[in-house]
Amino acid sequence: MKTIGVGLVGCGTVGSGLVRNLSEANRLLQQRLGVSLELRAAAVRDPSKQRADLPVSPVGDWKSVISNPAVQIVVELLGGTTESLEVAKAAFAAAKPLITANKALLAEKGSELIPLAQQARVPIYFEASVAGGIPVLKALREGLVANQLLGIHGIINGTCNYILSRMAEEGSDFADALRQAKELGYAEADDRLDVDGIDAAHKAAILCLLGYGFLPPFAKIPIEGIRKLEAQDVSFARQLGYVLKLLAVVRPVGPDRVEVRVAPTLIPARHPMGSIHGVFNAVSLVGNLSGPVQFTGRGAGPDATSSALLADLGEAARHLRDQSPGPVLSAGDGKRRLLEPGESVGRFYVRFEVRDQPGVLAQIAGIFGTEKIGISSVLQPEGHGADSVPLVFLLEPAKESALQKAVAAVQKLPLNRSPARILRVEDLA
Ligand code: NAP
Ligand code: HSE
């Protein structure tokens, strides 16, 4: 049995989960794949910290882990995009396969990283970077490889889904739910990445790379997180038959554009994704041959992430044993580009706060009519303050630029009380 030496760079929330699960999983990898893994070196920021289960003495200098001749595979679990990029470059220079859970690195530095890996002919494995324990990248790379993808959408941030579920089901406070998500090891070291939708957008960019063959320029992806969500919108959504989820959408538009976006989105309560709660993620891949394929599973946390890391370790070890090159990652053929945000067509939920007086509804409906935007439902709840009342519209599909124009026109009316709340609606048909 071939034993492959592993070097770990970073042993925090995820790294310590990997170390804890390694020996038991290694028995299975031996039986099933005929390879054995041995952790031979580890680097951390503070080597003096006590670390249960770590079988090697950690060092502070990650370069020594990569240059260690007993290390054949490098696992980067630092996070961030600066030092992790240096780790990746050093692994390529040493011709050692890289395994990473770092979606930020791939999404933001992929255009630099991927050509370097190609030149060095070193494989990168990154199943753990998207949707925790769900093997969705393997499905895209292998199971659906013969399909044209008609769309990808998913709930791909466990922390946000955990927070939204706690708020909707138990009336938890946002800050309390976030604190618990951190304690459970779901959140990023900088939890703003989760709450502000950036982590989900990193994952959406990676799904776009594998599904559509190009890495979208990260700064151009429209991203909205869950920080500004209000309880009343959760409640109005429910009255309209929807639930609010942080949804990532990656879908082709015409022959050469792909829409990539992350936003809190109303999805039908009766759709299977409407019942994905807590840390669970769901990803739907629609192939032209397969039809819709939906995955659900734990999207974050040290154990779920270890599952993906260990699968990558098994695959990398097998390629090393067989002296085969491993999967080659391509940065794409340059044929597709990101859709401009104003060009996006979709359904919207719009809540205005307006003066409670006769004729208001008709005026606003008139403005939507002028922009040729159909109205599918209206909610005007009773019992609000005397001065202002929420008026909620669920709209038919419209171009985002037309919607923005209509909302701007309503906001100029003297009857309007505060900025409108606009949310996306996806019927996921
Ligand atoms: P973390 O808890 O902050 O751990 C980072 C580790 O890196 C720590 O062990 C730290 O050392 C070490 N480190 C930092 N700078 C270093 C340096 N210059 N040299 C050597 N070691 C250094 O992060 P995490 O939550 O485990 O996340 C790791 C990665 O996994 C991130 O890319 C994250 O996005 C990704 N990920 C997380 C999850 C999840 O569920 N949490 C799921 C999938 C992917 P010390 O221990 O001494 O501080
Ligand atoms: N912070 C991430 C999440 C970890 O909550 O989904 C998994 O990538």
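Label-to-label distance for Ala70 and Leu289 is 4.7 nm, based on points extended 7 Å past Cα in the beta-carbon direction. Working from label points 7 Å from Cα in the Cα-to-Cβ sense, the Asp303 to Leu361 distance is 5.1 nm.
Run a plain Debye calculation on the chain (Cα atoms as equal point scatterers, no solvent) and give log10 I(q)/I(0) at q = 0.11, 0.14 Å⁻¹, rounded to two decimals, same order as the q list. The Debye formula, applied to the Cα set alone, gives -0.84, -1.23.
About the Cα centre of the range 341-425, what is the dipole size in debye to 20, counting +1 per Lys and Arg Cβ and -1 per Asp and Glu Cβ, all else neutral?
I would put it at about 180 debye.
When the inverse distances between all different Cα atoms of the range 341-425 are averaged and flipped, the Kirkwood radius reads 12.9 angstrom. Pairs exceeding 23 Å between alpha-carbon atoms, taken from Lys220/Lys405; Lys220/Lys335; Lys49/Lys109: Lys49/Lys109. Based on DSSP H segments of at least four residues, each scored -39500 (n - 2.57), the chain has a per-residue ellipticity at 222 nm of -11000 deg cm²/dmol. Hydrophobic, long helices, defined as DSSP H runs whose alpha-carbon span along the helix axis is 27 Å or greater and whose mean Kyte-Doolittle value is at least 1.0, do not occur in the chain. Over the range 100-145, what portion of Cα pair distances is larger than 11 Å, expressed as a whole percent? So the pairs more than 11 Å apart make up 69 percent of the total in the range 100-145. Between Ala408 and Glu183, the distance separating the two model label sites (each 7 Å from Cα on the Cα→Cβ line) works out to 4.7 nm. Each principal axis of the range 196-296 carries a Cα extent, and these read 39, 33, 27 Å when sorted largest first.
Neighbour counts of other C-beta atoms within 10 Å: give me Leu289, Leu209, Leu193 arranged from fewest to most.
Numbers: Leu289 8, Leu209 24, Leu193 21.
Fewest-to-most ranking of Leu289, Leu209, Leu193: Leu289, Leu193, Leu209.
Given a cut-off of 21 Å, what percent of all Cα-Cα pairs of the range 93-196 lie beyond it? Taking all Cα-Cα pairs of the range 93-196, the fraction more than 21 Å apart is 51 percent.
Counting every other Cβ atom within 10 Å of each residue's Cβ, Lys182, Lys245, Lys228 order from fewest to most as Lys228, Lys182, Lys245. Taking the centroid of alpha carbons for each part, the range 27-93 and the range 344-368 are 56 Å apart. Between Ala146 and Ser330, the contour length at 0.36 nm per residue exceeds the alpha carbon distance by 64.6 nm. Centroid-to-centroid, using Cα positions, the range 106-152 and the range 192-269 are 19 Å apart.
When all alpha-carbon pairs of the range 283-429 are counted, what percent fall beyond 22 Å? Tail fraction, whole percent: 62.
Rule-based calculations on the coordinates, nothing more; no lab input. Predicted model, so just to flag it, every value in this text is computed and none were measured. With ideal geometry, Cβ positions are generated from the backbone for all residues, glycine too; neighbour counts draw on all protein chains shown.
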